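Each remark here refers to the structure printed beneath this line.
What follows is calculated from the coordinates using simple rules that are stated; it is not laboratory data. Values in this document were obtained by computation on a predicted structure and should not be read as measured data. With ideal geometry, Cβ positions are generated from the backbone for all residues, glycine too; neighbour counts draw on all protein chains shown.
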Amino acid sequence: MFNNVWAESALFDFSVTPIADNVYSIVSPSFGLPTPENKGWNSNSHFVVTDKGVLLFDTGSSEIIGNEIKKAIKSVTKKPVRWVVNSHSHADHWLGNAGFTDTGAEIIASERAVRVMKEDGQGPVDAFSRMTKGATGTTHVKYPTLLLSQGEKRNIGGLDVEFILSNDAHSPGDILMWLPKQKILIGGDVLSSQWMPILTYHGNVPHLIETLYDVAKLNPEIVLTGHGNATSGKSIKRDADLVAGVWKRVKEGYGDNKKPAEIILTVSDELGTTYRPLYQNFDSEIKRYVELMYKSQQ
């Protein structure tokens, strides 16, 4: 899906980064697929310490990683993790759920995401074990228990939270979490920072563009992503403009019977000057963007 990037000095160190009052991130130094080097830890988790317990967003690629996340949280607070949100069905964001069964955590996800999780079953566990040469260990699959069919507002442990469904932008059933008082948006793989937005064949490009423009109107002060560093609301508009710009050119090129290779040259020439400095993977990812969008036109 994307190139693997791993900080040479990185350790399996689940350090906690304070973001705002009672809001924290655990950021993986790895971007890419699970490997023996990153031990499957390739995605971020974020958590909020509420009056009544911890609300955790995403649990990582394995039960081992889930337990490491739990240890990291305990370095900040003695309060138990009482709520877990799974942003979507990709296994690097939820296979750590089993690490939180001892606290009786309520696990929240969308109905569509859980349907895909159950269809995938044990497959991702076995795949990650092969990809990491066993580093992800034995993971017990723990599915979400509270399923959302639409966006909704809740008060969780005294914290006002709004769950926003992306209309399958990145994958079926993506959820974003908005903290209105803190003006923090947490978005799994719908949101990006130093990497280009992650497009998938089971996502929906027009819906991604629409969702990004919609959540940009919230004017978040802080944006927490599924991969990469914390960023600001400006990155959402940047991402929407990029994806919309590529989508427009692919549709035009397809309508003019151009081949993907021709469209790639056009996109790189017309958008590269603006966007290449803004993303670490522009040149390696733009080809995949065009090919994926082109195929969706057929």
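A few notes on this one:
- Proximal aspartates and glutamates relative to Lys133, as straight alpha-carbon distance under 17 Å, when same-chain residues fewer than 8 apart are discounted: Glu37, Glu63, Asp92
- Helix 63-74 vs. the chain, principal-axis angle (Cα, 0 to 90°, nearest 10): 70
- For the range 5-297, DSSP calls about 70 percent of its internal beta bridges antiparallel.
- Rounded to 10°, Cα long-axis angle of helix 234-255 versus longest principal axis of the chain: 40
- Anisotropy class of the range 135-263 from Cα gyration tensor, a/c 1.5 cut: prolate
- The simple spin-label model puts a point 7 Å past each Cα toward its Cβ; for Asn281 and Lys133 those points are separated by 2.3 nm.
- When +1 charges are put on Lys and Arg Cβ atoms and -1 charges on Asp and Glu Cβ atoms, the dipole computed for the range 223-274 relative to its Cα centre reaches about 160 debye.
- Sorting 80-91, 120-131 by average packing, meaning the other beta carbons within 10 Å per residue, from highest down gives 80-91, 120-131.
- Taking each DSSP H run with n ≥ 4 as -39500 (n - 2.57) and averaging over every residue of the chain yields -10500 deg cm²/dmol at 222 nm.
- Rounded if a/c under 1.5, otherwise prolate or oblate - the range 53-199, Cα gyration tensor axes: oblate
- Cα centroid separation, the range 53-83 to the range 174-189 (Å): 18
- Axis angle, to the nearest 10 degrees, between helix 111-120 and the longest C-alpha principal axis of the chain: 90 degrees.
- Tensor-based shape of the range 1-131 (alpha-carbon gyration tensor, a/c under 1.5 rounded, otherwise prolate or oblate): oblate
- Calculated FRET efficiency, Glu270 to Lys237, Cβ-Cβ distance, R0 = 25 Å: about 0.85 to the nearest 0.05.
- Sequence ranges 238-250, 144-156, ranked by mean other-Cβ count within 10 angstrom, highest first: 238-250, 144-156
- For the residue pairs Lys52/Lys153; Lys74/Lys217; Lys39/Lys74; Lys183/Lys251; Lys237/Lys287; Lys52/Lys234, alpha carbon separations beyond 27 Å are given by Lys74/Lys217; Lys183/Lys251; Lys52/Lys234.
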